[in-house]
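Accompanying notes for the structure given below.
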Amino acid sequence: MPNEKPVFSAAGVSRVFGHGKKAVTALDNVSFHIADQEIVSLVGGSGCGKSVLAKIMLGLITPTAGQFLYRGNPIGDAREHWREVQPVFQDPFSCFNQFFSIRSQLKASFGILNTRPSRREMEERVDHALRAVNIEPPEIEGKYPFELSGGQMQRMLLARIFALRPRVLIADEPTSMVDACVRANILDYLMKLKEELGMTIVFITHDIGLAYYVSDRIFIMHHGRIVEHGPPDRVTMHPENEHTVKLLDDIPSIHKDWLSRTNVSRKPGAVH
Amino acid sequence: MKIFLNLLKTPAFCIGFGLFVATILVAALFPLFYEVDISTRVGLPYMHPSRDHWLGTDHLGLDMVSLLVHGLRASLYVGFLAGIIATVTGTLLGMYAGFKGGLIDDIITMITNLFIVIPPFVVLVLISSSLKEGRSLALIGLIIGCTSWSWTARAVRAQASSLKSRDHIALARVNGYRTFGIVVLHILPYLLSYVFMVFILQTATGILSEASISMIGLGPYDTISLGTILNQAMRNEALGDGVWWAFMPATILITVTVFALYVINTSMEGVFNPRLRK
Amino acid sequence: MPIFEVDNLHLHYLTRFKDRIHAVSGVSFAMEKGEVFGIAGESGCGKSTLVNGCMGLFIPPLYPTSGEVRVAGESIMGRTPDDVRRNVLGRKVAMIPQGAFNSLNPTRKIKDLAADMIASHENGANRSEIYERLRERFARIGMQADTVLNAFPIELTAGMRQRCVIAISTLLDPQMVIADEPTSALDVTTQKSVIRMIFDLLDKGIFSTMIFITHELPLLRHVAGRIAVMYAGQFVEVGTTEQVVFDPRHPYTQALMGAMLSAEPGQKQKKPVAIEGAPPNLALPIHGCRFAERCPVARADCVSTEQEIRTVAGREVRCAYAE
């Protein structure tokens, strides 16, 4: 049964870095609610504030103004918060300690829980999580992070989430460092996390195409503000804000004209 | 184990390691074949090398080979002692400062800088000359160790603070590790190869420092080291009298030991990169 | 005569323990002046190794095994790295790397970095004269010359840094430009502006011929006139953009296209299919088709028969069963 209170609710949240003349406003008066079991995408270019918002959701930084609540309460102890809210980072290669086997590191993630599951249950949960991301446990048995490819490593980060089963997942650009042909996989696993484990997911990306594919709602961010939000079909098919239009325009898509060069002295496709 | 096998494929390492093992074997096993005795006069002062006494005798008529074996043991002991103290102190302080940051970092960095600008050898001389009575080998090792950790601390601090912002540390944090666990499990392993190389270097420095301090007459009172052998040779003007066996063998032993350690240190650099471990 | 030619190029790495990794095995292509040639492939397929080969830049542990690279008919193989840096890079072949942060020395201003580039090729050039030329060039390619030239790399945004890298590497009007994932580290908006700049340089005639390397096929569709798809050190399909993107024939190209996502009406129902498995280990000898293990339509003899490149529907395909 979905929780009554929204998972995250923000009212006038701002975050300013530095002070005086050098102050930079990374988040500017942002308000929203994210409901239980929703997949919300934060979409925007670099410096739009999406990563800052993600860090606030993870309890890594606090807003300088406004009220930010997790299930109706302010975020207090970070470790307490991480029992329920867990991240997937951008660069899978730098996320694992190269001196320990992958499996032992997946098991180590249970350390955040108040009561650690029994040894057998941990092994079972890790095996189950690996299968959930299409990897047979023997494939990574005794392997170290540098022996896997980028796509496999990113799946390991997701396997960690499948094993740990937090209530909320903050996925910060999980697809930007992997090959285009592996991206579809990563998105499938995000949807599986929601469907099978009832997870609430905040997906951060600069590619509105990816957001369109997985989200229930899309927040378009620009200069620290949420400039447009709504269901993916509405936002992508009938964008209202100029920044949304631009984000849509900037994705190189196979079927539409992308560069639309005015000065067509020679087309890019002028061959031989 | 794999690292060690890979190291053995590096010729420079084999030479250094071979030499160093040889010196340790000499120090440890020589008494089994040779009657090592440094308290009995076996002949006249400065006897030439002979079949009974391979490297002759010293100014008191003690057997030179026995003295050298004894001295080598003392030098290795002092080197390891100083190396361990300097490396452990430097690494712990550096990691803690680098990882914690803030005020703790500032304080430790200040202390480190203080120790860097004080020349260790001068401190060594001052402390040694003020300790007339209880100047033991262990104390000399301790002093050397306590005055030479500063560069290690500084280098380790720099590396730890750059590791701190890496994603795997962030992941360890959300995995529930606390500072101690993160430092030991997620920072130390990345520095271990460096720390080990530093340890080798510190040991070599320890051996050299002890030899230098002993040579100028501020060495340990309780035992014979390679440095004190040189000191005796110098005081009795063996150099001018052409008594080469009083100083040459000790000099060569020091050089070989320190050289071996330096070669080990440099040859490890490439192999210790874990990415090449496949 | 083609302006750039790669002829049956084989390249290998030597590991510390003297094992050979055959990163590029038998790549051949030729480019006419004015052409933009795209190379697509997953990470680890040998794209970046091929780039070094195309510049004739062999820094151990990378070594040429066999083959030729010719710029305007003249071979650039068999030179020392120093010789390559002085006589090939910048003038004959220019390289636009991926991470602008790694390629710009953070302690120097853009104008000094750019001036170094000129000074290293023109002995005894006057510094203030060089600055003047830089100002002209930067203004000509639409950059705010005065602000950009006097900035340190850290003061610029990622997109601006990458533009500076492009401006600097093409300063000497190279005959040939190789762009190795020039936009992969950028967000979509910045990516587009950087691509625009590259084409602006093409339009202005700063350079005319380019190899563009990326793992994003949709991007190549807009950038390249001809595309080669690379897998495990070999080209598996080479054809015009139309052929490769809209009518792929090699199972790997088809799989790549099937894995693409896009935000267009009706696309949400279309399930992208990722390619399972991993490419073969190039340190071991490979028998048969390199893609056989992951190929959805592999047949029994694929694992044993080496695949030759052949012409199918007007393009080259390395698959005996492609139609």
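The values are calculated or read from the model by the stated rules, or taken from the named source; none is laboratory data. This is a predicted model, so every value here is computed, not measured. Using ideal geometry, Cβ is built from the backbone for each residue, glycine included, and neighbour counts are taken over all protein chains shown.
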Every residue from region C:209-220 that is modelled with pLDDT under 90, surrounded by fewer than 24 Cβ atoms within 10 Å (Cβ to Cβ) and of a type outside the set (Asp, Glu)
C:His215, C:Pro218
Scanning region A:70-80 residue by residue, the ones that are in a strand (DSSP E or B) and either buried (at least 17 other Cβ atoms within 10 Å of the Cβ) or at the interface with chain B (Cβ under 8 Å from one of its Cβ atoms) (or both) total 1
Residues located in region C:202-233, provided they are on the phi > 0 side of the Ramachandran plot and touching a residue at least 60 places away in the same chain (Cβ under 8 Å)
C:Ala232, C:Gly233
Please verify whether B:Asp167 is farther than 28 Å from B:Leu142 by Cα, surrounded by fewer than 18 Cβ atoms within 10 Å (Cβ to Cβ) and touching a Cys at 6+ places or on another chain (Cβ under 8 Å), treating the condition exactly as stated.
yes
Has region B:37-55 got any residue that is out of contact with any strand residue (DSSP E or B) (no Cβ under 9 Å at 6 or more places or on another chain), surrounded by fewer than 22 Cβ atoms within 10 Å (Cβ to Cβ) and closer than 30 Å to B:Ile144 by Cα?
yes
Considering every residue within region C:261-268, establish whether at least one is within 20 Å of A:Gly150 (Cβ to Cβ), modelled with pLDDT under 90 and among the aliphatic types (A, V, I, L, M).
yes
Between a first residue in region B:8-19 that is under 15 Å from C:Phe17 (Cα atoms) and a second residue that is hydrophobic (A, V, I, L, M, F, W, C) and assigned to a loop (DSSP other than H, G, I, E, B), which pairs have beta carbons less than 8 Å apart while being 6 or more apart in sequence or on different chains?
B:Lys9/C:Phe17
Turns out the helices (runs of 4 or more DSSP H) fully within region C:131-210 with at least 2 residues that are within 14 Å of chain A (Cβ to nearest Cβ) are C:158-169, C:188-203
Tell me whether region A:249-265 contains one or more residues that are within 11 Å of chain C (Cβ to nearest Cβ), assigned to a loop (DSSP other than H, G, I, E, B), at pLDDT below 90 and at positive phi.
yes
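To keep it simple, each residue is scored yes or no on (1) more than 9 Å from chain A (Cβ to nearest Cβ); (2) acidic (Asp, Glu).
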residue	(1), (2)
B:Trp149	yes, no
B:Asp167	no, yes
B:Ala170	no, no
B:His186	no, no
B:Leu208	yes, no
In region A:156-174, anything among the β-branched types (Val, Ile, Thr) and under 9 Å from the mean Cα position of the chain (by Cα) is listed as A:Ile170
Checked B:Phe115, B:Phe99 against criteria (surrounded by 18 or more Cβ atoms within 10 Å (Cβ to Cβ), within 30 Å of A:Gln98 (Cβ to Cβ) and away from chain A (no Cβ under 14 Å)); the one match is B:Phe99
Going through (1) away from chain C (no Cβ under 14 Å); (2) within 13 Å of the chain's Cα centre (by Cα); (3) farther than 18 Å from A:Thr25 by Cβ one by one, A:Val43 fails only at (1)
With the condition kept exactly as written, say whether any residue in region C:241-248 is surrounded by fewer than 21 Cβ atoms within 10 Å (Cβ to Cβ), part of a loop (DSSP other than H, G, I, E, B) and either at pLDDT 90 or above or more than 8 Å from every other protein chain (Cβ to nearest Cβ) (or both).
yes
Quick check on A:Leu190: is it touching a strand residue (DSSP E or B) at 6+ places or on another chain (Cβ under 8 Å) and more than 12 Å from every other protein chain (Cβ to nearest Cβ)?
yes
Output the residue which, of all residues in region A:142-168 that are outside any helix (DSSP H, G or I) and closer than 23 Å to A:Ala180 by Cβ, is nearest to the other protein chains (Cβ to nearest Cβ).
A:Ser149
Report, ordered by the first and then the second residue, all pairs with beta carbons closer than 7 Å, sequence separation of six or more or different chains, a first member in region A:215-241 that is in contact (Cβ under 8 Å) with a residue 12 or more places away in the chain and farther than 19 Å from A:His33 by Cα, and a second member that is aliphatic (A, V, I, L, M) and part of a strand (DSSP E or B).
A:Asn241/A:Ile220; A:Asn241/A:Val227
